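Novice: Sharing a structure with you now.
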Amino acid sequence: MMKTKDQLKIGKKNFTSRLFTGTGKYKSLDVMQRSLVLSGSEMVTVAVRRVQALEKGHEGLLEAIPWQNIWMLPNTAGCSNAEEAIRIAKLGRELAKIAGQEENNFIKLEVIPDKIHLLPDPIGTLEAAEKLVQENFTVLPYINADPILAKRLEEVGCATVMPLGSPIGSAQGIQNEANIGLIIENANIPVVVDAGIGVPSEAAHAMEMGADAVLVNSAIAMANDPPCMAQAMSKAVQAGRESFLAGRLPQRIQGEASSPETGLISSKNQIISKRT
């Protein structure tokens, strides 16, 4: 059991839960509300454009979430270039103020021109991130698992990097483990694995690798029982984090006996002092 309170700091904000969740794709606001409670999540993403347009499933969203307990993470979903993303980020900051979070400058930066595979644009993301940091945003950029880009985003002042495990909503799990491992190894800011996680074991695996948090939306919202899946994800993230902190047993090519090699009983019922 962890002896000290294990908190995650992003920008100037501390979080106890390392599971971040979303608000899209739920069948109803009631299901979303129950899922958020059981997830234990303290930061939830909100698609600024969809809330503004009152798209299906987003009507009444702001009123349905207790923003006094949950930190809003506005995101620039639907933006295909840097200019769009910067404009929507500014609207997201205003949205957070409407929710009562006057000091909230967080933005999940998504620049996605690819409407089929939903892969982020590295050039547009870096361009937008530089400008948003200069305007005092706490920037959490969603990126491909590119270690060079991740380091560059850190250097320009981003608060985290959020590499995808696999494409958004694909439930393929972590398909780029080697690159995510390099990002984690070289980062001096939190690494949040975002997108592609389909089941709790994959969330636990991301945390066991050393990720600081995971963001899960579709796997919870589109489960047969979203509240149950939310609770399972919460447990998995906590277990994965504790496993990482505890330190895993090193992998070996050969087996190694777990019982002592002294005090063994021979075939003649004689105790031998050591293995011969």
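Novice: Please go through segment 209-226 and pick out each residue that is surrounded by 19 or more Cβ atoms within 10 Å (Cβ to Cβ) and not in a strand (DSSP E or B).
Specialist: Scanning segment 209-226 gives Ala211, Asp212, Asn217, Ala219, Ile220, Ala221, Pro226.
Novice: Tally up the residues in segment 63-90 that are surrounded by fewer than 19 Cβ atoms within 10 Å (Cβ to Cβ), out of contact with any strand residue (DSSP E or B) (no Cβ under 8 Å at 6 or more places or on another chain) and aliphatic (A, V, I, L, M), please.
Specialist: Going through segment 63-90 one residue at a time, the tally reaches 1.
Novice: Where in segment 63-167 are there strands (runs of 3 or more DSSP E), lying fully within it, with 1 or more residues that are within 24 Å of Asn186 (Cβ to Cβ) and basic (Lys, Arg)?
Specialist: Fully inside segment 63-167 and qualifying: 106-109.
Novice: Restricting the search to segment 36-52, which residues are in a strand (DSSP E or B) and over 14 Å from the mean Cα position of the chain (by Cα)? Before you say what the answer is, go through the steps one by one.
Specialist: Filtering segment 36-52 down to residues in a strand (DSSP E or B) leaves 43-47.
Val46, Ala47 - these are the residues of segment 36-52 that are in a strand (DSSP E or B) and over 14 Å from the mean Cα position of the chain (by Cα).
Novice: Quick check on this structure: which one of Glu154, Glu177 is surrounded by fewer than 18 Cβ atoms within 10 Å (Cβ to Cβ) and among the charged types (D, E, K, R)?
Specialist: Glu177
Novice: To continue, here is another question. How many residues does segment 116-161 hold that are closer than 20 Å to Ala213 by Cα and touching a Lys or Arg at 6+ places or on another chain (Cβ under 7 Å)?
Specialist: Qualifying residue count for the region: 2.
Every read-out reported here was derived from the displayed coordinates using simple, explicitly stated rules and does not represent laboratory data. These numbers come from a predicted model, not from an experiment. In this analysis, Cβ positions are derived from the backbone assuming ideal geometry, glycine residues included, and neighbour counts consider all displayed protein chains.
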